[in-house]
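What follows is calculated from the coordinates using simple rules that are stated; it is not laboratory data. What you see is a predicted model; the values in this text were computed from it and never measured. Here the Cβ is made from the backbone with ideal geometry for all residues, glycine too, and neighbour counts use every protein chain on show.
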Amino acid sequence: MNKWKLRAVELITGLAFTGKKNPSVIPYYPSKTKASGKEVRYFNRTSPERRGISSRLLYDMLCSLEEDKRANIHNVMVLKDGEVVCECSRPGYDVNVRHLSHSMSKTLTGMAIGLLVDDGRLSLDRRLVDIFPEYDPTDKRFNAITVKHLLIMSTGVPFSEAGSVTETEWTRAFFESRLSFAPGSAFAYNSMNSYILARIVVRIAGISLTAFLTERVFRPLGIENVFWEMGPEGVEKGGWGAYLSLESWAKLGVMMQQGGVFEGKRILSSAWVAESTSTQIQVPENAGDYNYGYQIWVHRRNGQFLFNGMLGQNVWVCPKNGIVVVANCENNELFQKSAVLEIIERYLGGKLAPVSYDTGTVGRLREKEKSFFDSRRWARPLKPRRGIIYKLGFRCARPFDKSWRRMLGTFTFAHNNHGILPLFIRAMQNNYSGGIESVTLEREGESLFFTSREGGVDYRFEVGLYDFKTTTLVFNGEPYIVRALGSAYEDSDKRAVYKIELVLPEMPNSRKLRFTFGEDGRMVMRMNEVPDEKIAEPLVQSIYATNPKFAFAVNILERRLGDKFINRKLESLFSPTLIGAHVGADNYYDIIADEKARAEEAIRGTKAISALILKAASDAHDD
């Protein structure tokens, strides 16, 4: 087992079994150093019929997207022949706020490589060892790796995404890897290939990847609001970490659809676009309907191509119909196998029937855009009162909801390593806050505020009762926009239940909090996030399947503690339940003592498990 894989096991066991408040195995540095701004609207908006597409077709597509529970959409935009014919966001989101793109970022890195090739400054046959002569590969097969192998995910290098939170010298770890197969002989998706492409751009262009793309792509397309996270070596992450708005991605999709031209300006050569969007390597059938080009997914049969990011960021291009669809989601999906893409292709990928303009049908589509995903709301906003002030033309009354009075005050918790920021984000960013010590709800006038105290730091945000309220929270130097909406109701047992929905409009992740109370002042806080633990299961399985000794140890654990014990432990990490006590409760100290004892017993019971897993992983590493 590689050293970075051993560290990955240490990270997971630290989170799951030891209760470490900071399980990180490498030094932390902030990489998301800016909160997102907004991109201005650029494209002309028009009715679908003016572009030869039916409003009814788009209405039905939006209904299908909303009805499919696998499709957790943030926003979607449809362009036909370079004009926007449909756009909508679910409550709390905005099509013009820049959004983390995960692996869609790879397509930008591929464009930068294409520009260097178009300039004659780089050849796809150039060997990696010639570009970086200062590194001495461990595996001599490394000498055969070319730029093209990086582009088509065929290097055979196993140092992958998990290494980003277990190593700080990414390039060294990449070159020290022992290859899994001969370069060019197979497809193995690996974001570190794209990171090395980013390093190539920086080395040849002499400026940062963002600066190079700004000069050659973003500025000519009028894209102004871009941010790209840096890796620990001071270079953009390349394979992930870029933040762009839906409107910006639409410009890039239209440019590629038009063969590298945008508004009459040549951005990329037609030859590079044609090669990028053609199959360069076959992908296993079980991965989905797409093969791979140059950092772009290419449909096996019908000429469509795709920029795609983990959890559901997509730019889907259908050249024969002149359609570009851009969507941001928070789905349990790693690559391009997606319910969202299935629905989009079903409605927009076939032959488009002739249409005639109908004002009623267009109006129905526009109403659907305004109410998109309302049926899927988790927290339900209150409706403003419409009294005499409303009739006189002033504003609706938005009084404080008295049902929240019981929630006011401070509730403390025993030791834990959970946080308000979703676990997926904390793990990806290596950003841990030290566990939730307490939560406080306060009323200020007609407003409700929530404070989570984590690691001695207060994270305070406003909770809307009539609509989402927006706050920017800074976690260890990383700013995140948070939008919160609360609702209160009684369940079937007449118990008061409180919900707070946390939307992070820049991120493909969200958080849901649910509170209930006991008669003794005890509060139960259930925390869920989307995507959930299922997104982590493939990574965990890939780690403990790498060595027979490690797999044997996991098998023993599951025999003693139950089938899928580790998966169940993952679920408790992504969807934890915390029990706290109101500081004014008569038996406050008894509740806290009970919860502290329970937490300590749980940690004692799992420390032996952690030791067993780490021993097996260490043995695998020695082998």
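Under the membrane-span-like helix rule (DSSP H runs whose alpha carbons stretch at least 30 Å along the helix axis, mean Kyte-Doolittle hydropathy -0.5 or higher), the chain yields 588-622. Packing order of peptides 405-415, 336-346, highest average first: 336-346, 405-415 (average count of other Cβ atoms within 10 Å over each peptide's residues).
Just check the stretch 100-244 against the gyration tensor rule for me: Cα atoms, a ≥ b ≥ c as the square roots of the eigenvalues, rounded for a/c under 1.5, and otherwise prolate or oblate depending on whether a/b exceeds b/c. Here the stretch 100-244 falls in the prolate category.
Cβ crowding within 10 Å ranks Glu161, Glu490 as Glu490, Glu161, fewest other Cβ atoms first.
Please give the FRET efficiency for Arg178 paired with Arg386, using the beta carbon to beta carbon distance and R0 = 56 Å, rounded to the nearest 0.05. If you can, show how the numbers build up before the last one.
Numbers: r = 70 Å, r/R0 = 1.24.
That pair, Arg178 with Arg386, gives E of 0.20.
The protection proxy used here, the mean number of other Cβ atoms lying within 10 Å of each residue, ranks peptides 255-265, 294-304 as follows, highest first: 294-304, 255-265. Among Val362, Val254, sorting on how many other beta-carbon atoms sit within 10 Å of each Cβ, with the fewest leading, yields Val362, Val254.
Annotation for the stretch 390-466 versus the stretch 1-30: alpha-carbon center distance of 29 Å.
With a simple spin-label model that places each label point 7 Å from the Cα along the Cα-to-Cβ direction, the separation between Lys351 and Val25 comes to 5.6 nm. Only helices enter the 222 nm calculation for the chain: every DSSP H run of n ≥ 4 contributes -39,500 (n - 2.57), and dividing by all residues gives -9500 deg cm²/dmol, rounded to 500. Rounded, prolate or oblate: pick one for the stretch 1-124, where a ≥ b ≥ c are the square roots of the eigenvalues of its C-alpha gyration tensor, a/c under 1.5 means rounded, and failing that, prolate if a/b is larger than b/c, else oblate. Oblate.
Labels on offer are (1) 40, 36, 20; (2) 53, 42, 22; (3) 50, 28, 22, and the one holding semi-axes √(5λ) of the Cα gyration tensor in Å computed from this structure is (1). Other residues lying with their Cβ under 15 Å from the Cβ of Phe218 contribute a combined charge of -1, Lys and Arg counting +1, Asp and Glu -1.
What lysines could a cross-link reach from Lys148, if we take a straight Cα to Cα line under 24 Å and drop same-chain neighbours fewer than 8 places away? Partners within reach: Lys106, Lys140, Lys237.
Net charge in the neighbourhood of Asn431 (other residues with Cβ under 10 Å of its Cβ; Lys, Arg +1, Asp, Glu -1) is +1. Counting neighbouring beta carbons within 10 Å and listing from fewest to most, the residues Val226, Val317 come out as Val226, Val317.
For the stretch 40-90, a/c is not less than 1.5, where a ≥ b ≥ c are the root eigenvalues of the C-alpha gyration tensor, and a/b does not top b/c. That puts it in the oblate class. Filter Lys337/Lys383; Lys251/Lys370; Lys20/Lys512; Lys32/Lys534; Lys368/Lys402 down to the pairs with a C-alpha to C-alpha distance above 31 Å, please. Where the Cα-Cα span goes over 31 Å, the pairs concerned are Lys337/Lys383; Lys368/Lys402.
Summing charges over neighbours of Pro505, with a neighbour being any other residue whose Cβ is under 12 Å away from its Cβ, gives +1 when K and R count +1 and D and E count -1. State to the nearest 20 debye the size of the charge dipole of the chain about its Cα centre, where the only charges are +1 on K and R beta carbons and -1 on D and E beta carbons. It comes to approximately 1060 debye. Across the stretch 22-37, rounded Karplus estimates of 3J(HN,Hα) from the backbone phi angles (6.51 cos²θ - 1.76 cosθ + 1.60, θ = phi - 60°) give 9, x, 3, 10, 9, x, 8, 9, x, 10, 8, 9, 9, 8, 6, x Hz, Gly and Pro being marked x.
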